[in-house]
Amino acid sequence: MKKTVGLAALAAVLLCGSAYAQQTSVKIGVLTDMSSLYADDTGIGSVIAAKLAAEDFMKAHPNYKVEVLSADHQNKPDVGTNIANQWIDRDGVDMIADVPNSGVALAINEVTRAKNKVFIASGPASSDLTGPKCSPNTVHYTYDTWMLANGTGKAIVKTGGDTWFFLTSDYAFGHALERDTAAVVEKAGGKVLGKVRHPLNTSDFSSFLLQAQASKAKVIGLANAGGDTINAIKQGAEFGIVAGGQKFAGLLIFAPDVQALGLKTAQGLTFTETWYWDLNDGTRAWTKRWDKERNSPGKLPSMNMAGVYSGTLEYLNAVAKVGGSKDGKKVVDEMKKMTAEDPVYGKTTIRADGRALHPAYLFEVKKPEESKYPGDLYKLKATIPPDEAFRPLKDGKCPLVSG
């Protein structure tokens, strides 16, 4: 009897050991802004989002082990490139996610293409990532400059905001956002009266705001994001921009930005996002999970963070479908065949150019008296279906798209 029990126990140990040995390892690197102007919209919140996706995937796939690494690219393409190369060559990272800052993202786009790994670009905005710079290894997940321009720019021109002046962050993202929005404004019958470009992460917008004020444009388009948008709007209030009859168009706004501004300052801002924490039961439930891990009362997740979660989960499900393959292009090809669905982003499909398709939403910031509870920031003005929210495939000039 003892011998039988002993053999059974040994068999169980060997079986467990065999199962453990067969476990497939996947490494994800969240390359983000931990310390500068985009940190509140990405940063540690994006890392938490990736870990939640890994947790959900491993519950459904216990034969996989997913590890999440993170690093700060400091908004410098050379720093981001060095980290990406080390992760892939030394640490065995299979996929890189987030990467707010289009200049850094365009560099990572090339690294992952050259090394046949995957880039889930949930943080950058430049529509060039699915245009001339599209890659078979990249999925542009959350939003892009074309979507922001068409959602926000078109809506504002329709309501009478037909003359524009741009305050533009002087790097790839700002240039793309200004370009795409100006095209929409002019197509809708509006005029661009001028533009000025400012350094990334600047603290003093006074000279730029004076130029915008002097232009007499009805709309001052903020082709920037994060701390730059917050500073421009706050300093604009001190200059009496809105009181003088001009209006800011926040072309890329996140819930943490609105929190930082406060409803009194941000009220009336119109902008486009693809996700909001209070959109439905699924987004609210996920926010509770994220908040528990974030452990910082009052903080809200941004659409970037939600995009990291959803894009990472879709990537991992594709990895499982191709049997744990380390071939980045093969995994992305599988993602393009799938229709993904999760409680955060709902249904998502991915086009041949790597563009993830999901609805976008036109929001307006509530007045203080309209807000009923903490974090109640937005009014939903319109839902833009996926086929209208993003640039038509034929117009992107992506080399991956035939015809």
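Only the coordinates and a few stated rules stand behind these numbers; no lab work does. Quick caveat, the model's predicted, so the values are computed rather than measured. Cβ coordinates were reconstructed from backbone atoms using ideal geometry, including for glycine residues, and neighbour counts include every protein chain displayed.
Over segment 269-383, Cα pairs under 8 Å with separation of 6+ residues give a relative contact order of 28 percent. Would you mind telling me which residue in Pro392, Pro77, Pro132 has the biggest mean-square fluctuation in a Gaussian network model of the chain, where springs connect alpha carbons within a distance under 10 angstrom? Among Pro392, Pro77, Pro132, the largest mean-square fluctuation in the Gaussian network model of the chain belongs to Pro392.
The helix-only estimate of mean residue ellipticity at 222 nm for the chain, built from DSSP H runs of length n ≥ 4 each weighted as -39500 (n - 2.57), is -13000 deg cm²/dmol after division by the residue total.
This ranking places Asp170, Asp144 by how few other beta-carbon atoms lie within 10 Å of each, fewest first, which gives Asp170, Asp144.
Ordering Lys381, Lys264 from the fewest to the most neighbouring beta carbons within 10 Å gives Lys264, Lys381.
Taking label points 7 Å from Cα along the Cα-to-Cβ direction, Arg197 and Tyr373 give a separation of 4.6 nm. Between Ala320, Ala306, Ala212, the residue with the greatest mean-square fluctuation in the GNM of the chain (Cα pairs under 10 Å linked by springs) is Ala320. Nearest 10 degrees is fine. How inclined is helix 2-21 to the longest principal axis of the chain, computing both from alpha carbons? Once rounded, one gets 30 degrees. Comparing Val219, Val322, Val104 in a Gaussian network model of the chain (Cα springs below 10 Å), the most mobile by mean-square fluctuation is Val322. Spatial offset of segment 154-189 relative to segment 44-81 amounts to 34 Å, using the alpha carbon center of each.
For a straight C-alpha distance cut-off of 19 angstrom, the lysines reachable from Lys264 (same-chain residues fewer than eight places away being disregarded) are Lys234, Lys247, Lys299, Lys366, Lys367, Lys372, Lys379.
So, counting K/R as plus one and D/E as minus one, what does the shell of residues with Cβ under 12 Å around Asn317 add up to?
That sum, taken over residues with Cβ under 12 Å, equals -3.
Across the cross-link table entries Lys51/Lys347; Lys65/Lys397; Lys27/Lys394, which are compared at the Cα atoms, the separations over 30 Å belong to Lys65/Lys397; Lys27/Lys394.
Averaging the sequence gap over all C-alpha pairs within less than 8 Å and six or more residues apart, then dividing by the number of residues, gives the chain a relative contact order of 18 percent.
Neighbours of Cys134, meaning other residues whose beta-carbon lies under 11 angstrom from its beta-carbon, give a summed charge of +3 when Lys and Arg score +1 and Asp and Glu score -1. Taking the C-alpha atoms only, the angle from helix 77-91 to the longest principal axis of the chain is near 10 degrees. Electrostatic bookkeeping for Val219 treats Lys and Arg as +1 and Asp and Glu as -1; over the other residues with beta carbon under 10 Å from its beta carbon, the sum is +1.
Going from the fewest other Cβ atoms within 10 Å to the most, the residues Met305, Met338 appear in the order Met338, Met305.
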